[in-house]
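Colleague: One structure coming up, written as structure tokens, with questions to follow.
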């Protein structure tokens with residue numbers, strides 16, 4: 001049994017039920033589980049590891065609910081820079097079809113490293129094509145050493161161009177093969193226990209790349225094993241038009257028709273959803289991964305986050321793929337969510353008087369994301385939860401003059417990498433450096449493979 005004492009934080013943000021912010025705060029953890037939270041003078045005097053965080057803001061580790069790690073290989077591809085979603089995808093599909101297991105492995109390491117440095121302690125990732133022998137196993141290998149919690153969404157595409165879908169036939173799989181491999185992945189990698197580092201999610205890609213029967217079979221498989229379900233839904237007007245033309249249903253109606261609604265389901269983006277659909281999602285407990293940067297980058301639109309929250313829909317944040325965001329910085333994503341919500345309230349503030357606050361955005365990034373992923377063991381700093389936390393030093397250039405409200409400053413000021421990050425009581429980032437891996441050789445390998453892929 002090992003113990004950890006964190007003490008003397010300028011502010012410790014708990015994100016607990018009362019949203020307490022504790023001046024001079026700290027926590028005491030044993031074997032990665034929090035046993036005490038409070039002011040430093042209320043905590044034990046000693047532990048196996050003692051970390052004095054005087055001058056820091058301490059927050060729960062942030063949770064990323066939607067990503068495509070492999071897309072670090074295709075950041076800022078010129079032909080895809082100024083396209084909407086469908087044009088962006090059709091430009092990049094042929095490049096992604098050339099990926100090998102090495103590409104999947106190294107891009108996983110790079111993306112997770114970037115997330116970890118930005119304050120993410122738990123992430124979901126949605127890999128939905130497996131060319132040239134690539135497997136989920138390559139992601140698991142690539143994640144080794146980074147140290148953050150990993151929800152691997154075993155994605156899939158089964159509706160190719162020849163059958164009326166968007167992706168080329170070369171990157172789709174048969175539905176029988178998808179189900180077989182998903183069963184294998186669940187058996188080999190899913191950990192259902194509290195504090196799990198690796199979980200599997202069943203995740204057909206989208207309504208324009210998977211058949212309705214494939215979606216229905218995926219839902220049945222996930223529920224047989226007690227797993228979460230994830231897909232893209234209602235991201236753009238192109239998608240809405242596709243669903244109406246192909247199936248005679250709006251995206252949410254299509255999801256409902258194939259049993260994709262409930263507390264075990266969360267959708268990525270969900271920009272174009274009406275009030276009645278939002279109400280049904282809230283009643284069902286279905287969650288949303290809000291991806292503001294990607295939605296801005298692809299000119300998709302602004303998701304109705306205030307309406308979701310008012311209806312009781314769980315909302316988390318997603319940095320989305322590094323080719324539709326071109327970054328994997330979760331703290332920056334929280335800031336973007338706050339700013340985009342404010343832009344969406346313009347120009348008539350009389351009708352939208354409540355602007356999203358910094359604390360609301362941080363809540364989306366922490367306990368909101370945990371709820372979306374179906375986890376009750378992370379997302380806040382309170383007794384009985386995992387010791388996943390991050391710390392930012394207020395004596396940095398970016399926070400000079402922001403002493404009035406240190407917590408608000410974390411989002412209002414320019415986003416930075418974190419100074420320290422712990423997952424289950426173990427250091428992942430110390431003094432702004434990753435503990436588990438040496439980055440330069442990984443970056444060199446990644447860039448060499450990316451250059452060959454896009455040549």
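So that you can scan it fast, the table gives a plain yes or no per residue for (1) touching a residue at least 40 places away in the same chain (Cβ under 8 Å); (2) over 22 Å from residue 63 (Cβ atoms); (3) surrounded by fewer than 22 Cβ atoms within 10 Å (Cβ to Cβ); (4) not assigned by TED's automatic domain parsing to the domain that holds residue 365:
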| residue | (1), (2), (3), (4) |
| --- | --- |
| 296 | yes, no, yes, no |
| 301 | yes, yes, yes, no |
| 306 | yes, no, yes, no |
| 324 | yes, no, no, no |
| 332 | yes, no, yes, no |
| 337 | yes, no, no, no |
| 348 | no, yes, yes, no |
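Colleague: Checking the conditions here, which among 217, 235, 183 is in a helix (DSSP H, G or I), buried (at least 17 other Cβ atoms within 10 Å of the Cβ) and in contact with a helix residue (DSSP H, G or I) (Cβ under 8 Å, 6 or more places away or on another chain)?
Modeller: Sole residue among the options that is in a helix (DSSP H, G or I), buried (at least 17 other Cβ atoms within 10 Å of the Cβ) and in contact with a helix residue (DSSP H, G or I) (Cβ under 8 Å, 6 or more places away or on another chain): 217.
Conditions (1) crowded, with 20+ Cβ neighbours inside 10 Å; (2) modelled with pLDDT of 95 or more; (3) over 18 Å from residue 8 (Cβ atoms); (4) in the same structural domain as residue 15 (by TED's automatic domain parsing), marked per residue:
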position	(1), (2), (3), (4)
384	no, yes, yes, yes
389	yes, yes, no, yes
397	no, yes, yes, yes
403	no, no, no, yes
415	no, yes, yes, yes
418	yes, yes, no, yes
424	yes, yes, yes, yes
428	yes, yes, yes, yes
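Colleague: Just the residues that are assigned to a helix (DSSP H, G or I) and more than 22 Å from the chain's Cα centre (by Cα), please, taken from the stretch 409-438.
Modeller: 409
Colleague: Which residues, counting only those in the stretch 148-178, are surrounded by 18 or more Cβ atoms within 10 Å (Cβ to Cβ) and not in a loop (DSSP other than H, G, I, E, B)?
Modeller: Passing the criteria: 149, 150, 151, 152, 153, 154, 155, 156, 171, 175, 178.
Colleague: Also, I was wondering about something else. Could you go through the stretch 64-71 and let me know if any residue there is out of contact with any strand residue (DSSP E or B) (no Cβ under 9 Å at 6 or more places or on another chain) and touching a residue at least 12 places away in the same chain (Cβ under 8 Å).
Modeller: The answer is yes; a qualifying residue exists.
Colleague: Oh, and also: Go through the stretch 342-362 and give me each residue that's touching a helix residue (DSSP H, G or I) at 6+ places or on another chain (Cβ under 6 Å), part of a helix (DSSP H, G or I) and over 19 Å from residue 121 (Cβ atoms).
Modeller: Result: 358, single match.
Colleague: May I pose another question? Can you go through 281, 261 and tell me which one is touching a helix residue (DSSP H, G or I) at 6+ places or on another chain (Cβ under 9 Å) and buried (at least 24 other Cβ atoms within 10 Å of the Cβ)?
Modeller: 281 is the lone residue from the list that is touching a helix residue (DSSP H, G or I) at 6+ places or on another chain (Cβ under 9 Å) and buried (at least 24 other Cβ atoms within 10 Å of the Cβ).
Colleague: Let me ask you something else. Please tell me if residue 273 is assigned to a loop (DSSP other than H, G, I, E, B), crowded, with 24+ Cβ neighbours inside 10 Å and over 16 Å from the mean Cα position of the chain (by Cα).
Modeller: Yes: the conditions hold for residue 273.
Colleague: For the stretch 34-49, does any single residue satisfy the condition of being assigned to a strand (DSSP E or B), under 26 Å from the mean Cα position of the chain (by Cα) and under 30 Å from residue 291 (Cα atoms)?
Modeller: no
Colleague: Sticking with this structure for a sec: Which of the residues spanning the stretch 287-306 are assigned to a loop (DSSP other than H, G, I, E, B) and over 24 Å from residue 261 (Cα atoms)?
Modeller: Those that are assigned to a loop (DSSP other than H, G, I, E, B) and over 24 Å from residue 261 (Cα atoms): 298, 299.
Colleague: Related question: Within the stretch 388-406, how many residues are under 27 Å from residue 31 (Cβ atoms) and touching a helix residue (DSSP H, G or I) at 6+ places or on another chain (Cβ under 8 Å)?
Modeller: Of the residues in the stretch 388-406, 1 are under 27 Å from residue 31 (Cβ atoms) and touching a helix residue (DSSP H, G or I) at 6+ places or on another chain (Cβ under 8 Å).
The values are calculated or read from the model by the stated rules, or taken from the named source; none is laboratory data. What you see is a predicted model; the values in this text were computed from it and never measured. For neighbour counting, all protein chains shown are included, and Cβ atoms are generated from backbone atoms with ideal geometry for every residue, glycine included.
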